[in-house]
Structures are given as structure tokens and as C-alpha cells.
Amino acid sequence: MQLRKVPDALIRISVVIAALIVAAVTTRFFLLPASLTDRDYHKKSTIEREISRRLEFAGSDVCLDCHDQGIEIRRGFHSTVSCETCHGPAQGHVDDLATKPSAPRERRFCSVCHTYDPSRPTGFPQINPVAHNPMKPCISCHDPHDPEPPETPRECRGCHAEIARTMSVSHHVLLECTTCHTAGEGHRISPRAERATKPLQREFCGKCHDEGQEGFETLKVDMGTHGGRYLCWQCHYPHLPEG
């Protein structure tokens, strides 16, 4: 029986792969220093390096030992914001009370979080700093430790500006928000704690769009067959219901 000759190309590739494996093993176990291969050494040196760093942040719990404002923050809209987020690292102040932490009072500081950005959650307080009380420091109207607005916005667009802009070019432009949503006074004060209601049944849209309804000059469909079992807003965006 005649054996088939192994191709020269395959032999060369095999030799190259074997040489790379030998080089990798040799480098890993014989050439690299212990600081790169010894896990215990690496763990110990890392701990020593981190411990040697100068402690800069004290933590909000330490601030509460002396400052009553921390209690206000824990009860207000800034409850999830650390004191040092606004005042900077405070360990130096803890070690020496004569070292005062910073107290930002410029408009540009608050606008880092509160300038309008469509990526932020719906209902998050956002403003246009050019139009909103221009040139006035934010703290002249808002207490940063308890930043409840001096006057609750009466219009939905105060918080839902993006939706308001969409509605302005929509077939639903003449509808009040309360036509489809119910929002109590609590929603205006704390929108995440008390949510506005949303229609949950196809029949709600049918009040205007069912072909059996009269008195509304709107697009009519047979609600019994149109869309089948799907809810209307699974196909049509309510704030811009095109198509």
C-alpha cells in the first residue's frame, strides 16, 4: 500500500506553529519577570500601591456628623447625589476643618446635569440655560440641598419638552395631554413616585377613530378588524401617529 506524501506547505506550517508554541511557553515560564506572572505577588503589590495613595474622599456619611444639610438632601430630589459630587473631595476638610471644600455657585455647574439632553430620562428636570432665568445663579431660586422648584410647572412641556415638540407637527397637535393621560398633583411634584396614567385598551383610540363614531373628522378604521389583537400604539406612535 502506497502512503500519500504530506504536502510541503503543510509541513512548513506545522513547523512554524510548533516554533510559536515553544516560544510562547518559554517566554511565559522562563523569561517573564515574577511581577507579571505571579498572582500572589501581583495581588500584594496592588494592595500596597492602593493603600499608599492619599485618601481624598471622605464619604457622605462623614458629612452628616456635622452638617444638617445632609438630612435635607436625604429627603429631597438630590438624595442619590453624594456631597462630594458638588463639593469635591472632602477628606482634607475632615482632617483639618480650616480647609474648606469648594461650594460651586456658577450656573455652569448645575447645567452639567440639568441642561436639556434628549438621552436623559423623561421627567428629569431639564432647562435651556440660555432662556431659563439668564445670568442669574441657580441658587438664587433653588436651594441645592432641597432643590424643589419655587413654582411647579403647570404645563406638561415643562418636563416633556421633546414630546411637546413632536406633538407640534402631529395630527394630535390640538389634543390636550389630559385627553389621553391623567396626571395628579403628585405627578407634578414627584413624577417618578406618581406616574401619569396611559390608555391600556384599543377601545380608547376607537372613541375617535372607529368608523362607527360620528362627530370627529379623523381617520376612521374598522376597529373590529384593523390591527387584529394588537394595541394601537404597537404600530402607531401616539404623539406622532403617522401611517
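The values are calculated or read from the model by the stated rules, or taken from the named source; none is laboratory data. Since the model is a prediction, treat every value here as computed from it, not as a measurement. In this analysis, Cβ positions are derived from the backbone assuming ideal geometry, glycine residues included, and neighbour counts consider all displayed protein chains. Surface areas here come from the heavy atoms of the whole protein model, side chains and all, with no ligands, DNA or RNA. Shrake-Rupley method; radii C 1.70, N 1.55, O 1.52, S 1.80 Å.
Which ones in segment 195-240 are closer than 22 Å to THR178 by Cβ and within 27 Å of the chain's Cα centre (by Cα)?
Hits for segment 195-240 are ARG195, ALA196, THR197, LYS198, PRO199, LEU200, TRP233, HIS236, TYR237, PRO238, HIS239, LEU240.
Can you name the residue in segment 174-192 that is within 23 Å of the chain's Cα centre (by Cα) and open to solvent by 50 Å² or more (accessible area, probe 1.4 Å) and is also nearest to PRO121 (Cα to Cα) among such residues?
ARG192
Scan (1) surrounded by 10 or more Cβ atoms within 10 Å (Cβ to Cβ); (2) within 30 Å of PRO191 (Cβ to Cβ); (3) in contact with a helix residue (DSSP H, G or I) (Cβ under 7 Å, 6 or more places away or on another chain) for the single condition ALA90 breaks and write down its number.
Tallying (1) surrounded by 10 or more Cβ atoms within 10 Å (Cβ to Cβ); (2) within 30 Å of PRO191 (Cβ to Cβ); (3) in contact with a helix residue (DSSP H, G or I) (Cβ under 7 Å, 6 or more places away or on another chain), ALA90 fails exactly one: (2).
If ILE127 satisfies all but one of (1) farther than 15 Å from HIS239 by Cβ; (2) modelled with pLDDT of 85 or more; (3) in contact with a His (Cβ under 6 Å, 6 or more places away or on another chain), what's the number of the condition it fails?
Condition not satisfied by ILE127: (2).
Out of all the residues in segment 178-207, which are of a type in the set (A, V, I, L, M, F, W, C) and touching a Pro at 6+ places or on another chain (Cβ under 8 Å)? Steps first, please.
First pass over segment 178-207, keeping only residues of a type in the set (A, V, I, L, M, F, W, C): 180, 183, 189, 193, 196, 200, 204-205.
Residues satisfying the conditions are CYS180, CYS205.
Yes or no, residue by residue, for (1) under 30 Å from ASP95 (Cα atoms); (2) of a type in the set (A, V, I, L, M); (3) in contact (Cβ under 8 Å) with a residue 12 or more places away in the chain:
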| site | (1), (2), (3) |
| --- | --- |
| ARG4 | no, no, no |
| ALA34 | no, yes, no |
| HIS42 | no, no, no |
| GLU48 | yes, no, no |
| SER52 | yes, no, no |
| PHE57 | yes, no, yes |
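So SER79 fits all but one of (1) surrounded by 11 or more Cβ atoms within 10 Å (Cβ to Cβ); (2) free of Cβ contacts under 8 Å to residues at least 12 places away in the same chain; (3) assigned to a loop (DSSP other than H, G, I, E, B); (4) polar (S, T, N, Q); what number is the exception?
The single condition SER79 does not satisfy is (1).
Being hydroxyl-bearing (Ser, Thr, Tyr) and open to solvent by less than 70 Å² (accessible area, probe 1.4 Å): is that true of SER119 here?
On the way: hydroxyl-bearing (Ser, Thr, Tyr): yes; open to solvent by less than 70 Å² (accessible area, probe 1.4 Å): no.
Here the answer is no, as SER119 does not meet what is asked.
Here are THR122, THR178, THR99: which of them is within 30 Å of LYS220 (Cβ to Cβ) and hydroxyl-bearing (Ser, Thr, Tyr)? Give the derivation first.
Working: THR122 fails: within 30 Å of LYS220 (Cβ to Cβ); THR99 fails: within 30 Å of LYS220 (Cβ to Cβ).
The unique qualifying residue is THR178.
Got at least one residue in segment 59-71 being under 19 Å from the mean Cα position of the chain (by Cα), open to solvent by less than 70 Å² (accessible area, probe 1.4 Å) and touching a residue at least 24 places away in the same chain (Cβ under 8 Å)? Spell out how you get there, then give the answer.
Within segment 59-71, the subset under 19 Å from the mean Cα position of the chain (by Cα) is none.
Within segment 59-71 (the criterion being under 19 Å from the mean Cα position of the chain (by Cα), open to solvent by less than 70 Å² (accessible area, probe 1.4 Å) and touching a residue at least 24 places away in the same chain (Cβ under 8 Å)), the answer is no, since none of the residues qualifies.
Do the conditions hold for LEU31, that is, is it at pLDDT below 85, open to solvent by 90 Å² or more (accessible area, probe 1.4 Å) and within 30 Å of HIS145 (Cα to Cα)?
No: the conditions fail for LEU31.
Can you tell me which residue is nearest to SER82 (Cα to Cα) among those in segment 34-58 that are assigned to a loop (DSSP other than H, G, I, E, B) and open to solvent by 100 Å² or more (accessible area, probe 1.4 Å)?
Applying the first criterion (assigned to a loop (DSSP other than H, G, I, E, B)) to segment 34-58 yields 38, 53-58.
In the following step, the residues that additionally are open to solvent by 100 Å² or more (accessible area, probe 1.4 Å) were identified as 53-55, 57.
Working: ARG53: 22, ARG54: 20, LEU55: 17, PHE57: 11 Å.
Looking at the filtered set, the residue picked out is PHE57.
May I ask you to say which residue of GLU148, GLU203 is surrounded by fewer than 16 Cβ atoms within 10 Å (Cβ to Cβ), over 30 Å from ALA90 (Cα atoms), of a type in the set (D, E, K, R) and in contact (Cβ under 8 Å) with a residue 12 or more places away in the chain?
Details: GLU148 fails: over 30 Å from ALA90 (Cα atoms).
Of the residues listed, the single one that is surrounded by fewer than 16 Cβ atoms within 10 Å (Cβ to Cβ), over 30 Å from ALA90 (Cα atoms), of a type in the set (D, E, K, R) and in contact (Cβ under 8 Å) with a residue 12 or more places away in the chain is GLU203.
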